[in-house]
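Reviewing the structure listed below.
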Amino acid sequence: MKKNTGYAWLIPVWVLVFFMTGFSGTGACSAYSRSDYQLFQNTIIDHRNRLNKKFKKIQRTATRYIIVHTSELGLSTTLRVVSKGKQFKSGHSTPGGHAHYVIARNGRTYRILDKQYRADHAGLSMWQGRQDISSVSIGIELVGYHSAPLTEQQYRSAAMLIDILQQVYNLDDTAVLTHSQIAFGRPNPWFPKDHRGRKRCAKNFDRSRAGLGPTLRFDPDVRAGRLLPDPYLADLFYGEQPAVAKVAATAPVSNLISRNNSAWSIAGGDYDSRTTAYVLPGGRTLTGDQINDTIGWHLLPVNTKVLLDQEIEKEQIQVSQTPVKVITDRMTAWSHAGPAYRFDSTIYFLPSGKIFTGSRIPDWDDLPRKTQLIVGYQGPFLISEAVTAYGIAGRKYKDPGTVYFLPPGHVKTGDTITDFSNLPKGTQIFLPLDDIG
């Protein structure tokens, strides 16, 4: 492997390398022309001046891997977190520098940190016996969720960026890995030893669409006995069927606890986090750090809903029971709905007054803050002079689970409406799926 000297400059040097070498020998290069690469390079947005001043730049002595992540956040929050750092309820914070590059869903690429420096992106990680993969790798964040498809524009940008980095650091396709492949966890209630599966991050990354050949046929750390396997990821990446075919065919993993779907399989390493919420079938909500002492991990009832990246204070526990959720910088569609965020039964009410089902949202980065949503609903049912609220919802027309959209843009539950005889024209009702026979 080449020493990493001579290519630690900024990306414009890559263009020089491209014209000198022709970028031959890697998977993606044949799909794009020299002008494609030059245009890609010229449109990269330099975000380095947003880096947290507390971040300490450490130059890597080797670069052996390129690690692909999904951000599990929208674009603006992703950029803030990777540059400025993470803030935790405990008061703990990180100094940023959590990626080298971010690729938005429209393909636009942001340079967060010079590629010569170490980015803190892989966390507790291992590959081929080596730990601290952050110290020997480049980190690329793809804006999106591990349970939903990435965009064609993202794959196009990722293909060119990875191809350039492979040439700079003399890396083959097996050196390109996802965070879910390299992350590992310490012993927990489901695994008695160190184990793979701490992250599901970028498990949906389709290597072929990024111009890459296959990964290794096995997990080297599981084979060597250093880690226990995660059954789901082991089958996904190293089973008989190619991983890319499985990703395309696999439905989103449910966020409901079942006999075969544990808190670990849903939340990974965040299972006991303060920001992971468990909504029990009766409506009681607990955070991940409360479960062990109140219920016990193996006694969580079936159909408990697991929600990630929640901002929950003790006084907000009861408020969280309302079916109408609000999107904020931290509370994304995924945070509220889990894998159901893109289902037809998840309804979005935009501040503009427009209403969309989850399957009709073209780009999740376009969802403005203060968008409201309800999960597990059917509708709309239009109220008119001939059809009343009672005629549509029956005795449940005043229930807190019955949701009304009152033009021009008010979303209310049945128990908050005092006068049903004077509802504005165009009022619509949405009913929980369980209430519809």
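The values are calculated or read from the model by the stated rules, or taken from the named source; none is laboratory data. From a predicted model like this one, the values you see are computed outputs, not experimental measurements. Cβ atoms come from the backbone with ideal geometry, glycine included; neighbour counts cover every protein chain shown.
For region 365-386, filtered to residues that are small (Gly, Ala, Ser) and over 18 Å from residue 323 (Cβ atoms), the residue that is surrounded by the most Cβ atoms within 10 Å (Cβ to Cβ) is 384.
Residue-level check: of (1) touching a Lys or Arg at 6+ places or on another chain (Cβ under 8 Å); (2) at pLDDT below 90, residue 227 misses just (2). Regarding residue 347, is this residue surrounded by 17 or more Cβ atoms within 10 Å (Cβ to Cβ) and outside any helix (DSSP H, G or I)? Yes, satisfied.
Listed conditions (1) touching a helix residue (DSSP H, G or I) at 6+ places or on another chain (Cβ under 9 Å); (2) surrounded by fewer than 20 Cβ atoms within 10 Å (Cβ to Cβ) are all met by residue 182, apart from (2).
Picking from 123, 144, which residue would you name as being buried (at least 19 other Cβ atoms within 10 Å of the Cβ), touching a Ser or Thr at 6+ places or on another chain (Cβ under 8 Å) and at positive phi? Steps first, answer last, please.
Working: 123 fails: buried (at least 19 other Cβ atoms within 10 Å of the Cβ).
When all the criteria are applied, what remains is 144.
Taking region 140-194 as the range and being β-branched (Val, Ile, Thr) and assigned to a loop (DSSP other than H, G, I, E, B) as the test, the residues that pass are 143, 151.
When residue 19 is tested against (1) modelled with pLDDT under 90; (2) within 28 Å of the chain's Cα centre (by Cα), only condition (2) is not met.
Return the total of residues in region 204-229 being farther than 17 Å from residue 262 by Cβ and either aliphatic (A, V, I, L, M) or touching a His at 6+ places or on another chain (Cβ under 7 Å) (or both).
Here the count works out to 7.
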